[in-house]
Each structure stands twice: as structure tokens, then as C-alpha cells.
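Taking it in order: structure first as C-alpha cells, then the write-up.
Laboratory data are not the source of any read-out in this text; all were calculated from the coordinates shown. Bear in mind the structure is a predicted one, so any value in this text is a computation, not a measurement. Positions of Cβ are generated from backbone atoms using ideal geometry, with glycine treated the same way; all protein chains shown enter the neighbour counts.
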Amino acid sequence: MKCILTLLFISCTITMQASGKDDILGKWLTPDDQAIVQIELINGEYSGKIIKLNPSTFVDGLPPKDINNVNTSLSNRSLLGVTLFKGLKYVSSEETWYIDQLYSPEHGKTYQAYIVLNNINELKLKGYVAGIKWLGRTETWTRVNGEMSF
């Protein structure tokens, strides 16, 4: 809030920073410093892909595999480069991005989810089961500015 005091009155203006649909773009560090996810806009569609993994997660010097994937034909692929979500839908009146399918490598399954920006450098991602928003898990991701080394 910015206030200006004059002789006859006090004038105050409140500055609110609303989220714009492209504010979500960029690199985001997941909880526990496990991975960096790049959220980008490709051909008009938002997507989020793992672009870097913490070397502490590597096995024998190699990035971890997608071993929990319920699709066994994908369980041998590297998690590096995996698309976690795409096709986000932004609802400006709620300042929220909705995800029909969020892939969780930890569980090897997909969930519904939504993202809300807490501020320009922090987002809240909540994954939930079959339309039941109260049944799920919330993570806070932090924006990465510049290059990130683990």
C-alpha cells in the first residue's frame, strides 16, 4: 500500500499483482530440490517437463528410471525429459491453471491438478483424485532464475 499525506487528506492506493496466464512460464524447482521443471508454451499449449534432476537421485551415475510407471513399457525410460503435464487451462477469474492429467513419477499414475501462483516466484500445485479436490497432495515449487546447480 502506498499512501500520500497532504494537508487536507490522505490518499492511499493499493497495488495488487494479479496473475497473468503467462506468469507460470519458466523453470521451477520441485520440493526437496529433486528436479527442475520447465513450464513453457509450445504451439499455444502449456506443458511442464523435467529438464534437470538432482545428481543425488542418480543410480550408478545415471538419471533414475520411471520404475513406478503403471505402463510397464515406460518403466525403463529416464525421468529426465519426462513431460509431467500439458494442456493447462487458465481460468482468469480464479487466477488458476487446471491440469486434466498430471503425471506423478513417484506413484506412476496420473491425477487431476491445479496450479495457483502464491507470488511471482512461488507456485502451489495440488494433485487430486477423480474430481475430489480435498483428497490430494499440495506441493510448493520455487522459481529458478538463471542456471541452477544442485
> Between SER56 and ILE120, what FRET efficiency comes out of the Förster formula 1/(1 + (r/R0)^6) with R0 = 41 Å and r the beta carbon distance, rounded to 0.05?
Replying inline: 0.90
> According to a simple spin-label model (label point 7 Å from Cα along Cα-to-Cβ), what is the distance in nm between VAL70 and LYS89?
Replying inline: 2.1
>> Can you tell me, using C-alpha contacts under 8 Å and at least 6 residues apart, the relative contact order of the chain as a whole percent?
In response: 18
> Among residues other than LEU80 whose Cβ falls under 12 Å from its Cβ, what is the net charge (Lys/Arg +1, Asp/Glu -1)?
Replying inline: +3
>> For LYS109, give me every one of the aspartates and glutamates with a C-alpha distance below 14 angstrom, ignoring sequence neighbours fewer than eight places off in its own chain.
In response: ASP66, ASP100
>> I'd like to compare 66-79, 46-59: which one has the highest average count of other Cβ atoms within 10 Å, and what's the full order after that?
In response: 46-59, 66-79
>> Please list, in order along region 24-38, the HN-Hα scalar couplings obtained from phi with the Karplus expression 6.51 cos²θ - 1.76 cosθ + 1.60 (θ = phi - 60°), rounded to whole Hz, x for Gly and Pro.
In response: 7, 5, x, 9, 10, 8, 7, x, 6, 6, 7, 7, 10, 10, 8
> Among (1) 156; (2) 104; (3) 134, which one is volume of the Cα convex hull per residue in Å³ computed from these coordinates?
Replying inline: (1)
> Which distance in nm do the two modelled labels at ASP100 and TRP134 give, with both placed 7 Å along the Cα-to-Cβ direction?
Replying inline: 2.7
